[in-house]
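K.L.:
Structure provided below as structure tokens; questions to follow.
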Amino acid sequence: MSVIWASLFLLFFSSSTLANIIVVNGLTHEYKALSGETYRGTVEVQNNSDKDQYVKIYQKDYFFFHTGEILYNDPGSSERSNANWITLSNNYTKLAAGEKLSIQYEVTVPNSDSLIGSYWSLIMIEGVNDIDTNNITGGISIQSVMRYAVQIITNINESGLRKLEFINVSLLNEDSTKFLQVDIKNTGERFMSPVLKLELFDSIGNSAGIFEAVKRKVYPGTSTRSRVIIDDVPPGLYQALLIADNGDEYVFGLNLSLEIEDD
């Protein structure tokens, strides 16, 4: 490598081509299992480039908060991590141009009566390019990296408390877009994937519309932030019902009074 010059005018950058490795069978793998049970799955990856590509496979724990903070911790460090239950078929491999590969994993759930609810971790798939030092004429070499995080979720049968908490609800206006900002936390023991729905009622009780946010995953102890867009609603005072619908019998609601002002 060349020396990084003190004068920025003399820097030259060489950026390697992005490793064109993609995961083709989804980024969330959810299973139901009993204590002591073993199950298997695959992560299907494909090299979409016209040259050989190397792939690194490794594990991380995963935690996130409504503030935007995301933690990729060492595998097995979280109380609800299943990373140590997972055995990977390989950790490093090479794919020829256009080749597709099944990375197999085996999950052995410990035989323990103390397991309850959901456990999860990530299998990281990272395309790696070699740096061609012959083509670097000076300055800094930058290597681009593409990572896929495949979520592996183990639900212990039907066990675990399902509970969501609305921790903050705010009516905001940003760039002429009105929305209800909703922060929810999973205070239970089971993975959930709720859809937020907001129904507004005018002063005489007529529905003024039903509005939805994008569905978001929320693990025990994690929290998410969603926006429910409510544009084109006339100004006024509304009663509102906000619900988090998990798509099953688990639905959580909150009654609100919202005053929508004119722009």
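No lab work stands behind these numbers, since they all come straight from the coordinates. What you see is a predicted model; the values in this text were computed from it and never measured. Neighbour counts are summed over all protein chains in view; Cβ atoms, including those assigned to glycine, are modelled from backbone coordinates with ideal geometry.
K.L.:
Could you check the spin-label model distance between D175 and R40? Points 7 Å from the Cα along Cα→Cβ, value in nm.
P.N.:
About 4.8 nm, to one decimal.
K.L.:
With a 10 Å radius around each residue's Cβ, average the other Cβ atoms per peptide and rank 82-94, 201-213, highest first.
P.N.:
Highest-to-lowest ranking by the protection proxy: 82-94, 201-213.
K.L.:
For the chain, what ratio Rg/Rh do Cα atoms give with a Kirkwood hydrodynamic radius?
P.N.:
1.09
K.L.:
Arranged from highest to lowest average of other beta-carbon atoms within 10 Å per residue, in what order do the peptides 214-221, 154-161 appear?
P.N.:
Ranking, from highest mean packing down: 214-221, 154-161.
K.L.:
By how many nm would the segment from M146 to D74 lengthen if fully extended, with 0.36 nm per residue of separation less the alpha-carbon distance?
P.N.:
In short, 24.0 nm is gained.
K.L.:
Starting from the 7 Å offset along Cα-to-Cβ, what nm value, one decimal, do you get for the label separation of I243 and I167?
P.N.:
Between I243 and I167, the simple spin-label model gives 2.5 nm.
K.L.:
Here's something else I'd like to know. Which lysines have a Cα less than 29 Å from the Cα of K178, not counting those fewer than 8 places away in the same chain?
P.N.:
Candidates past the 8-residue exclusion: K163, K197, K215, K217.
K.L.:
Volume per residue, Å³, of the convex hull around the alpha-carbon atoms of region 143-242?
P.N.:
Spelled out: Cα convex hull of region 143-242, divided by residues, is 150 Å³.
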